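Step one of this worksheet: look at the structure below.
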Amino acid sequence: MNSMNKAAAQAAPDNAVPCSLERATLAHVPELVTIEQRSFHIDRISERSFKRFISQNIGDFRVAVQNDQVVGYYIVLYRQATNLARLYSLAVDPDFRRQGIGRKLLAAAEHDADERHCLFLRLEVQLDNQAALALYHQQNYYDMEIRAEYYEDDTDALVLQKLLPRYQPSGEQRLVPYLTQSTEFTCGPASLLMAMAYFDIPSAEHQHEELEIWREATTIFMTSGHGGCGPHGLARAAVRRGMAVTVHVSKSGPLLMDSVRNEEKKRIMSRIQQADINALESAGVPIEVGDYSLDQLRSDLDSGKLVVALISTYVFDQSKAPHWVLICAADDEYVYINDPDQDTFAWQSAADRQYLPIPHNTFKRAFGYGSRKQKAALVLSAAL
């Protein structure tokens, strides 16, 4: 993974030397490899990877050309079914820096992302790369978080983001912290832990607490391997940890029964979920049966709550697995989620999964699981 997102571009003087931008072709690869070798000492993009980006037409890949020589490039990548772009890499040949080329490349990358109706352009940069940081801050990128020991040499990365022109934030926004699930079956606990962190509810060490929540909320079985978590079990775990919860489900009784075929497994899943339902009812936790609408979701978010929701990832990666995410915000066009999943694509970073903008129509298709579109959402706030 070329995790550098290597911003070698420098801030530019006013007397910038003209250069043209062209779509990268295989003929450019030898010069691109040379720029890569001259610009970075670790985490370089290989010749093979350059060719793959070009031949498979992955994202937007453009080169800066001056006097028939390639002097810089950028690669912007996109996540399917979302409006998020990632500046995967940007570099300027050391002999051609301080001529405005880096600034021109960055502006073109933003334009490409905007043309694809993306809300955000994100990147990672080394904390000690002061020239790159100066450029990004001058261009209105803001710091999101530090990722410790992110690079091959164990140096830290700063994640930056820019809201592209079409998005107008209102007021000051406190970001919901991001957390990556530590196992393939703990998306629900990881989503709950992010909400706890936002509401300043203390917890044990991340993986320990994540696995404890899973043990409390697991359905035992699921499509394959370890079972995930049911909505009622997650709600019980949230209540135990000092949260106020309202459960919204599309049907009464146990859910996710269609995820297994074996009747004995179905019986066990039903029994354990019914125990969770009984416990919630005894504790007076509201369980609302019906359609949890987008309007209701937005109302809950506007009141300061967060929502853990069950989705199908099929519209994003053609996988039919049930998946829990944390919904952090919504506006007239998008629902913003923290997705705890570790994606399999090498060019997707954790920063891509924080406040991930999902268009309303896409979210409506993703919200729910299975052929019967079973829906579940936990509306969370700190208990009074």
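Give me the distance in nm between label points sitting 7 Å out from Cα along the Cα-to-Cβ direction at residue 111 and residue 371, one decimal.
Each label point is offset 7 Å from its Cα along the Cβ direction, giving 5.0 nm.
Starting from the eigenvalues of the Cα gyration tensor, five times each then square-rooted, give me the equivalent ellipsoid semi-axes of the stretch 190-293, largest first, whole Å. Could you put the intermediate results ahead of the total?
Working: eigenvalues 104, 63, 27 Å².
Over the Cα atoms of the stretch 190-293, the ellipsoid semi-axes are 23, 18, 12 Å.
From the convex hull of the Cα coordinates of the chain, what is the mean projected area in square nanometres? Provide the component values of the computation, followed by the final result.
Numbers: hull surface 79.3 nm².
Taking a quarter of the hull surface, the average projection is 19.8 nm².
What's the angle, to the nearest 10 degrees (0 to 90), between helix 231-240's Cα axis and the longest principal axis of the chain?
Tilt relative to the chain: about 90 degrees.
Which whole-number percent gives the relative contact order of the stretch 69-154, counting Cα pairs below 8 Å spaced six or more residues apart?
Across the stretch 69-154, relative contact order equals 26 percent.
Pairing the Cα long axis of helix 101-115 with the longest principal axis of the chain, what angle in degrees results, from 0 to 90 and rounded to the nearest 10?
40
Give the residue from 37, 321, 141 lying farthest towards the positive end of the charge dipole for the chain; charges sit on Cβ (+1 for Lys and Arg, -1 for Asp and Glu) and the dipole is referred to the Cα centre.
Selected residue: 321.
Would you work out the Kirkwood radius for the stretch 235-304? I mean one over the mean of 1/r across all pairs of different Cα atoms, in Å.
Over the stretch 235-304, the inverse of the mean reciprocal pair distance is 13.7 Å.
Across the stretch 36-175, what fraction of all alpha-carbon pairs, as a whole percent, falls in each successive 10 Å bin from zero upward?
10, 39, 39, 10, 1
Using just the C-alpha positions of the stretch 64-131 as equal point scatterers, what log10 of I(q)/I(0) does the Debye formula give at each q in 0.12, 0.15, 0.18, 0.22 1/Å?
-0.35, -0.53, -0.72, -0.96
First select every other residue whose beta carbon is under 11 angstrom from the beta carbon of residue 274; then total the charges, Lys and Arg +1, Asp and Glu -1.
Summing Lys/Arg as +1 and Asp/Glu as -1 gives 0.
A short reminder: the numbers here are calculations on the coordinates, not readings from a lab. Remember, predicted model here, so these are calculated numbers, not experimental data. Neighbour counts run over all protein chains shown; Cβ positions are idealised from the backbone, glycine included.
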